[in-house]
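A.B. asks: Could you have a look at this structure, given as structure tokens, before my questions?
The values are calculated or read from the model by the stated rules, or taken from the named source; none is laboratory data. Because the structure is predicted, anything quoted here is derived from the model rather than measured. Positions of Cβ are generated from backbone atoms using ideal geometry, with glycine treated the same way; all protein chains shown enter the neighbour counts. Protein only, heavy atoms only, side chains kept; ligands, DNA and RNA dropped before computing areas. Shrake-Rupley method; radii C 1.70, N 1.55, O 1.52, S 1.80 Å.
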Amino acid sequence: QVQLVESGGGLVQAGGSLRLSCAASGRTFSIYGMGWFRQAPGKEREFVASISGNGGTTNYADSVKGRFTISRDNAKNMLFLQMNSLKFEDTAVYSCAAARIYYSGRLYNPDYWGQGTQVTVSS
């Protein structure tokens, strides 16, 4: 069983930065591919970024490429999302997810989800 807890969300002006964190419980964190997803009001949840278990492979949605960076610290069971040059359209609840199956930059059928953290970007 893995529990995921996000933090770091908040209110920021357009052009600003935020760093999201996801703390994972359990001893097998490194075997999971990890990802960030977001859901804006009235919209479906969408993929943001993913990273392989050893951190060697990353993948990003086109909308965040060049602005967001995903990383992980397996020694501390932590996942991060550095978000720069934030835009109004980045406003959403951001959730982290863990999946045993990670292939070609994609998480398949995530096994665990966090509760989410709100990111609000003012224009």
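A.B. asks: Under a straight-distance cross-link criterion of Cα-Cα below 24 Å, which lysines are reachable from residue 65, leaving out those fewer than 8 residues away in the same chain?
C.D. replies: Once the sequence-local lysines are set aside, what remains near residue 65 is 43, 87.
A.B. asks: May I pose another question? Give the separation of the Cα centroids, the stretch 1-41 to the stretch 69-123, in Å.
C.D. replies: If you average the Cα positions of each part, the centres end up 4 Å apart.
A.B. asks: Based on the alpha-carbon gyration tensor of the stretch 59-119 and its eigenvalue square roots a ≥ b ≥ c, which shape applies: rounded if a/c is under 1.5, prolate if not and a/b is larger than b/c, or oblate?
C.D. replies: Here the stretch 59-119 falls in the prolate category.
A.B. asks: Is the shape of the stretch 33-91 best called rounded, prolate or oblate, per the rule: a/c under 1.5 gives rounded, else a/b larger than b/c gives prolate, else oblate, with a ≥ b ≥ c the square roots of the Cα gyration tensor eigenvalues?
C.D. replies: Prolate shape, in that a/c is at least 1.5 and a/b is the bigger ratio.
A.B. asks: With a 1.4 Å probe and all protein chains in place, put 62, 73 in order of accessible area, largest first.
C.D. replies: 62, 73
A.B. asks: Sort 95, 85 by accessible area with a 1.4 Å probe, largest first.
C.D. replies: Largest accessible area first, the list is 85, 95.
A.B. asks: After finding the eigenvalues of the alpha carbon gyration tensor for the chain, what semi-axes result from the square roots of 5 times each, listed largest first in whole Å?
C.D. replies: Working from the Cα gyration tensor, I get semi-axes of 23, 14, 13 Å.
A.B. asks: Continuing with the same structure: Among 122, 12, 96, which residue has its Cα furthest toward the positive end of the charge dipole of the chain, with +1 on Lys/Arg Cβ and -1 on Asp/Glu Cβ?
C.D. replies: My answer, from the dipole projection, is 96.
A.B. asks: Considering only protein heavy atoms and a 1.4 Å probe, what is the carbon-and-sulfur percentage of the accessible area of the chain?
C.D. replies: Heavy-atom surface of the chain belonging to carbon and sulfur, 1.4 Å probe: 46 percent.
A.B. asks: Just the accessible area per residue of the chain, please: how many Å² with a 1.4 Å probe?
C.D. replies: With the other protein chains kept in place, the chain gives 53 Å² per residue.
A.B. asks: Now a separate question. Express in nm, to one decimal, how much length is gained between residue 25 and residue 122 on full extension, taking 0.36 nm for each residue of separation and deducting their alpha carbon distance.
C.D. replies: 31.6 nm
A.B. asks: Further, regarding this structure: Mean-square fluctuation check for the chain, GNM, Cα pairs under 10 Å: which of 37, 88, 29 is largest?
C.D. replies: 88
A.B. asks: Can you work out the base-10 log of I(q)/I(0) for the stretch 1-68 at q = 0.19, 0.21, 0.29 1/Å, using the Debye formula on its C-alpha atoms alone?
C.D. replies: -0.96, -1.13, -1.41
A.B. asks: What relative contact order, as a whole-number percentage, does the chain give when Cα pairs under 8 Å and 6 or more residues apart are counted?
C.D. replies: 35
A.B. asks: Suppose every K and R has +1 on its Cβ and every D and E has -1 on its Cβ; what is the size of the dipole of the chain about the Cα centre, in Debye to the nearest 20?
C.D. replies: With Lys and Arg at +1 and Asp and Glu at -1, about 200 debye.
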